[in-house]
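Trainee: Pasting a structure here, questions to come.
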Amino acid sequence: MVMDVMRMNQGNVSQCPIVEEEPNADARFFDLLKDSDESLWDNCTNYNKLLTVAQVFTIKSDHELSEAGYDKIIEWTRSILPEGNRLKENFYAAKFMMKPLGLGYQKIDMCPNFCMLYCFENAELTECMTCGHSCYKIRTGRGKTLMAYKKLRCFSITPRL
């Protein structure tokens with residue numbers, strides 16, 4: 001089909017230049033592909049680094065584990081795996097490994113009584129239009145940074161398709 005669009009037929013296919021180039025070395029996505037090919041330890045055929053981290057992330061999510069809980073499970077798992085295993089050592093390292101998948105989210109401040117979201121045209125408001133409750137906690141001794149009582153994490157579906 002591509003050849004038809006380019007009007008390539010049997011006679012002039014050889015005139016089409018073939019360009020071979022290496023993928024961008026800085027592209028972290030290719031690191032994920034390497035991680036999916038790298039076994040968890042030498043002679044391991046069932047698990048690779050990417051699969052294992054994804055499965056432990058799923059367990060963390062399903063059972064609402066904290067980062068400290070995740071780290072303790074990984075610490076214990078690494079202690080029973082053979083020496084030289086390639087399992088990421090903590091939540092931070094595993095999260096950094098998975099970041100190129102683009103599974104991020106957007107944080108949106110919300111009313112503690114679940115009345116409204118502070119986004120779009122309401123992003124600059126500091127009190128709820130429905131109940132009048134303040135959006136932000138009063139913080140003492142920590143500067144003038146605002147911290148919302150509640151945050152909604154919006155996982156947009158379009159980038160995940």
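The values are calculated or read from the model by the stated rules, or taken from the named source; none is laboratory data. What you see is a predicted model, and the numbers here were worked out from it, not measured in a lab. Cβ placement follows ideal geometry from the backbone for every residue including glycine, while neighbour counts extend to all protein chains displayed.
Trainee: Going residue by residue through the range 74-97, is there one that turns out to be among the acidic types (Asp, Glu), assigned by TED's automatic domain parsing to the domain that holds residue 34 and either more than 24 Å from residue 29 (Cβ to Cβ) or surrounded by fewer than 11 Cβ atoms within 10 Å (Cβ to Cβ) (or both)?
Mentor: Keep residues of the range 74-97 that are among the acidic types (Asp, Glu), which gives 75, 83, 89.
With assigned by TED's automatic domain parsing to the domain that holds residue 34 added as a condition, the list becomes 75, 83, 89.
Next, only the ones that are either more than 24 Å from residue 29 (Cβ to Cβ) or surrounded by fewer than 11 Cβ atoms within 10 Å (Cβ to Cβ) (or both) stay: 75, 83.
Checked against the condition, which is being among the acidic types (Asp, Glu), assigned by TED's automatic domain parsing to the domain that holds residue 34 and either more than 24 Å from residue 29 (Cβ to Cβ) or surrounded by fewer than 11 Cβ atoms within 10 Å (Cβ to Cβ) (or both), the range 74-97 yields at least one hit.
Trainee: If you don't mind, another one. Considering every residue within the range 117-134, establish whether at least one is modelled with pLDDT under 85 and surrounded by fewer than 10 Cβ atoms within 10 Å (Cβ to Cβ). Talk me through it step by step, then tell me what you get.
Mentor: Initially, the range 117-134 is screened for residues modelled with pLDDT under 85, giving none.
Scanning the range 117-134, I find no residue that is modelled with pLDDT under 85 and surrounded by fewer than 10 Cβ atoms within 10 Å (Cβ to Cβ), so the answer is no.
Trainee: Of these, 65, 33, which one is of a type in the set (A, V, I, L, M, F, W, C) and modelled with pLDDT of 85 or more?
Mentor: Details: 33 fails: modelled with pLDDT of 85 or more.
Going through 65, 33 in turn, just one is of a type in the set (A, V, I, L, M, F, W, C) and modelled with pLDDT of 85 or more: 65.
Trainee: What is the number of the single condition among (1) in contact with a strand residue (DSSP E or B) (Cβ under 6 Å, 6 or more places away or on another chain); (2) in contact (Cβ under 8 Å) with a residue 24 or more places away in the chain that residue 81 does not meet?
Mentor: Every listed condition holds for residue 81 apart from (1).
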